[in-house]
Amino acid sequence: MSAELADLVATAIKLGVTLAILINVVPVMLWVERRGGALIQDRPGPNRLGPLGLFQALADALKFMFKEDVTPSAVDRPLYLMAPALGLLPALTTFSVVPFGPDVTFRGHVYQMVVAPAQTGVLLFLAIASLGVYSLVMAGYASNNKYSLLGSIRASSQLISYELALTLAVVAVVIPVSSFQLADVVDYQRHHGWNVLPQIVGFLIFLVAAFAETNRLPFDLPEAESELVAGFHTEYSAMRFATFFMAEYISMTSLSALGATLYFGGWTLPWVHVEGFAGVAVGLAVLFGKVACFMAFFVWVRWTFPRFRYDQLMRLGWKVLLPLAIFNLILVAALTLAGVL
Amino acid sequence: MEMAVFAVFALLAVGSSLVVIAHRSPIYSTLSLVVTLFSVAVLFVLLGAPFIATLQLLIYAGAILVLFLFVIMLLNVGRDEGIPGGHRLQLATAILGALVFTGMLGLLLRSALGGGPPAPLTEQAVSLSRLAQELFAEYLLPFEIVGLLLLVAVIGATVIARRATEEELAAAPSGPLADPTARGGGPEAPEPVGAGAGAPRPGYAAWSSEADRAAGGARPASVPGGRA
């Protein structure tokens, strides 16, 4: 097998594994969300199907697939049909720059355990993630419904506002590492300890902005069901609605993986080092263990906090998070120049 | 492989940019522009400039065009509405664009015909650290000047968009109307009669508080000449 073909096959395998994991996060999260919400609100939650109600996720998925798919007659058809798929695409693509294991040597060829070892790594992640907003905007516009349109307008301004703070927080991590590649960020943390301690301000900004970027409560203004019926996906039903649902959970997963990689050492654990294919398995387990902590936090916050008002959301984004992120960036740059970080 | 990718995305870039200028709906035009930018970003990657490709996605496709869409949806422009100013303005812009394009093509041809083919890009020439060196060391002054220019634009936009403060409002009734048309954009706003000074008119107050609520602020309504 030539080196080029081997590379292609390796990429296909890595892609298959990560995609399979990402897609399967959705039913698991469906269950976690419903049972977790029930736990927090002191009620049983779905507990009839299977042990602990685990098969509820399966039933939900089947329901989505077999419900009638209603397309209202007044919609802008091409955009309406395209929107859900365009939401899923960036969510699935972003994970490809996140490393998930040590380099593996197989038949004298070194393989990096990242689907796309792009030079611009984390920037590429942010760039592709920022394309996710088009799905929401298109869905709301194409639905031809004022609530949907309001949801879209909110989505576009909200995602733009929090993207700034998020990007600046991420850039502050990149400065001491002096590389955009997430593999280098992981490597850096191996020698200097996890970034979460020196970059605590940046981490908090990242965390808050992550809620806004994934439209999660308390920042789910684009779909705010008490104000906008269901916001941008009011007119969607059955599997198309479920696709938005999947996109939300998968982008949460990808963003959690980014957070775990930037601030919590990614696929590595301190004092644990396993080489070879076993190392990849351990790396994947560690990475998704950390992602699970993030996801549990997302669920915890969702069922604990009330929704923000829109002006509060904007004030927090522009008047608190953005100045704080800029201040953090300057501080980190100064500390790096001084040789502290 | 590379040729196939190039062909697909080059065709996509040309096709989608045709849709941008030909489609009647502003929303469709903007969305096609996103496709154009994405295709051009892929071409940048093929040329060995992944950083520029990423920035193009992050800034143009990911932020600026979202703002375009935001404004189009906020103004609720219908799908068949033409551009303000009509065809004359369109023609003028088209001629200007064609002139710029011809000029750039001429420059390109001159350098291509004159000194042989340009040297191919090397890994080192397009590396991030090299780019940073050029930008922040060699071309620092132009870089700072561009930054200053953008800052001026931001301040200008803020001045145009801002509302009068409470103190200015209190001082406003005695001041002359500096620019009676400056804030008369609202449908409820009555045309100011002459240059007469007076108390804030109810029409302005109603319009402005509506706009305030939309902007999420709780500032008092502004009056013409509020900044006098």
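So in region A:143-152, with the set limited to residues that are part of a helix (DSSP H, G or I) and crowded, with 24+ Cβ neighbours inside 10 Å, which one is nearest to the other protein chains (Cβ to nearest Cβ)? Ranking the candidates gives A:Ser152 first. Among the residues that make up region A:220-231, is at least one of them out of contact with any Leu (no Cβ under 8 Å at 6 or more places or on another chain), farther than 18 Å from A:Leu341 by Cβ and either crowded, with 24+ Cβ neighbours inside 10 Å or basic (Lys, Arg) (or both)? Yes, region A:220-231 contains at least one residue that is out of contact with any Leu (no Cβ under 8 Å at 6 or more places or on another chain), farther than 18 Å from A:Leu341 by Cβ and either crowded, with 24+ Cβ neighbours inside 10 Å or basic (Lys, Arg) (or both).
Within region A:156-167, the set of residues being within 9 Å of chain B (Cβ to nearest Cβ) and either closer than 9 Å to A:Phe232 by Cα or among the small types (Gly, Ala, Ser) (or both) comprises A:Ser156, A:Ser157.
Considering (1) buried (at least 24 other Cβ atoms within 10 Å of the Cβ); (2) at pLDDT below 90, the lone condition that A:Met252 does not fulfil carries the number (2). If the condition is being within 13 Å of chain A (Cβ to nearest Cβ) and among the β-branched types (Val, Ile, Thr), then region B:15-40 contributes B:Val19, B:Ile27, B:Thr30, B:Val34, B:Val35.
Residues in region A:60-96 that are surrounded by fewer than 16 Cβ atoms within 10 Å (Cβ to Cβ) and of a type in the set (S, T, N, Q) were compared, and the one that is nearest to A:Leu284 (Cα to Cα) is A:Thr71.
Answer with yes or no whether A:Gly279 is in contact with a strand residue (DSSP E or B) (Cβ under 9 Å, 6 or more places away or on another chain), of a type outside the set (A, V, I, L, M, F, W, C) and farther than 20 Å from B:Gly62 by Cβ. Criteria met by A:Gly279.
Residues of region A:1-14 include at least one that is in a helix (DSSP H, G or I), closer than 30 Å to A:Phe106 by Cα and under 20 Å from the mean Cα position of the chain (by Cα). Just one of the listed residues (A:Val186, A:Val170, A:Val137, A:Val174) is more than 14 Å from chain B (Cβ to nearest Cβ) and of a type in the set (Val, Ile, Thr), namely A:Val186. Of all residues in region A:30-82, those satisfying the criterion of being among the small types (Gly, Ala, Ser) and part of a loop (DSSP other than H, G, I, E, B) are A:Gly45, A:Gly50, A:Ser73, A:Ala74.
Taking the criterion of being within 30 Å of A:Ser73 (Cα to Cα) and more than 9 Å from every other protein chain (Cβ to nearest Cβ), no residue of region A:99-131 qualifies. Scanning region B:41-71 for residues that are more than 9 Å from chain A (Cβ to nearest Cβ), closer than 16 Å to A:Leu164 by Cβ and among the aliphatic types (A, V, I, L, M) yields one hit, B:Ile64.
The values are calculated or read from the model by the stated rules, or taken from the named source; none is laboratory data. Note that the structure is predicted; figures quoted are calculated from it, not measured. Positions of Cβ are backbone-derived with ideal geometry, glycine not excepted, and every protein chain shown enters the neighbour counts.
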